[in-house]
Amino acid sequence: GVRITTRQVFELRTVADLAAAADTAGPVHERIYGTDEAIGDVPLVPIVWEALGWGSDLSRFSQARLLVAPSGLTVPTLQTAVTALLGAHPMLRSRFRAGGARPTWTVPAERAPEIPAVDALVRRVDATHLGEAGVDDPRWQDLFAAERERAYSSLDPDAGVMLQVVWFDFGPRTAGRVLVAVHHLVVDGVSWRILVPDLADAVEQAAG
């Protein structure tokens with residue numbers, strides 16, 4: 001029930017000063033965030049304008065993580081989990097169009113028809129020929145490099161494809177790998193600390 005303002009946090013800086021201010025500040029009228037659906041137009045922040053000025057193909061402007069797949073993973077389970085991820089993080093289903101007189105960035109509603117089908121975002125790569133050696137097989141690096149390139153090439157912000165998830169299936173006796181490639185417009189180093197646990201939780205729930 002103690003109310004303090006953001007300005008007080010930065011100006012007062014100590015618990016003692018904040019406590020004293022909270023005793024006399026009275027009620028603070030504050031906006032409650034999270035009540036509106038996060039859809040609609042997204043303003044372009046300076047770093048986006050800077051990226052547009054680089055003159056390179058923004059479709060490959062991305063980050064990726066290679067994760068260990070849980071045992072018993074299936075394509076339907078992974079598709080269900082990715083669908084949940086898109087629902088929880090609206091920017092992952094956003095659409096960025098750099099062409100025309102002015103770039104536009106829009107987040108459609110969760111079930112909007114223009115959102116790409118999940119089977120265009122998730123795919124399985126048969127890696128059972130590598131046997132129980134898995135990532136220790138010398139052929140793994142070539143396979144991974146080729147499929148990573150395919151994932152990067154499949155990202156298409158203009159079409160709303162901000163995410164690619166690739167499951168490398170080594171068979172039932174060897175832990176597979178899941179490559180998650182996300183366009184850099186909607187992910188950064190801090191974001192992964194949220195996205196990876198959320199994806200893991202979603203996979204666990206979908207499998208259960």
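Counting only helical runs of four or more DSSP H residues, what would the 222 nm mean residue ellipticity of the chain come to if each run contributes -39,500 (n - 2.57) and the total is spread over all its residues?
It comes out at -10500 deg cm²/dmol, rounded to the nearest 500.
Largest GNM mean-square fluctuation among A127, A16, A81, using the chain with Cα springs under 10 Å: A16.
Looking only at GluC sites (Glu not before Pro) in DSSP loops with at most 13 other Cβ atoms within 10 Å, what is the longest site-free stretch of the chain? My reading of the result: 115-208 is the longest stretch.
Mean separation of Cα pairs under 8 Å and 6 or more residues apart, divided by the residue count, gives the stretch 152-208 a relative contact order of 24 percent.
Entry note, the chain: relative contact order of 27 percent, from Cα contacts under 8 Å with a spacing of 6+ residues.
The C-alpha atoms of the chain define a longest principal axis, and helix 139-154 lies at about 50 degrees to it.
The long axis of helix 192-207 is offset from the longest Cα principal axis of the chain by roughly 60 degrees. I4 contributes about 60 Å² of solvent-accessible surface, heavy atoms of the protein only, 1.4 Å probe.
Distances between every pair of Cα atoms in the stretch 132-207, grouped in 10 Å steps from 0 to the bin holding the largest one, split as 16, 41, 36, 7 percent. Taking the accessible area of the chain, probe 1.4 Å, and keeping the other protein chains in place, the carbon and sulfur fraction comes to 53%. By a 1.4 Å probe calculation restricted to protein chains, T80 has an accessible surface near 80 Å², given to the nearest 10. Taking A109, A175, A101 as the candidate residues, the one with maximal mean-square fluctuation in a Gaussian network model of the chain, Cα springs under 10 Å, is A101. Probing with 1.4 Å while keeping every protein chain in the model, the per residue accessible area of the stretch 71-208 equals 49 Å². Using C-alpha pairs below 8 Å separated by at least 6 residues, the relative contact order for the stretch 99-208 is 24 percent.
Order H129, H184, H89 by their accessible area, 1.4 angstrom probe, all chains in place, largest first.
Highest to lowest solvent-accessible surface, that is H129, H184, H89.
The values are calculated or read from the model by the stated rules, or taken from the named source; none is laboratory data. A quick note: this is a predicted structure, and the numbers were derived from the prediction, not measured. We place every Cβ from the backbone using ideal geometry, glycine too, and count neighbours over all the protein chains shown. In case anyone asks, the SASA skips ligands and DNA or RNA and just uses the protein heavy atoms, side chains included. Shrake-Rupley method; radii C 1.70, N 1.55, O 1.52, S 1.80 Å.
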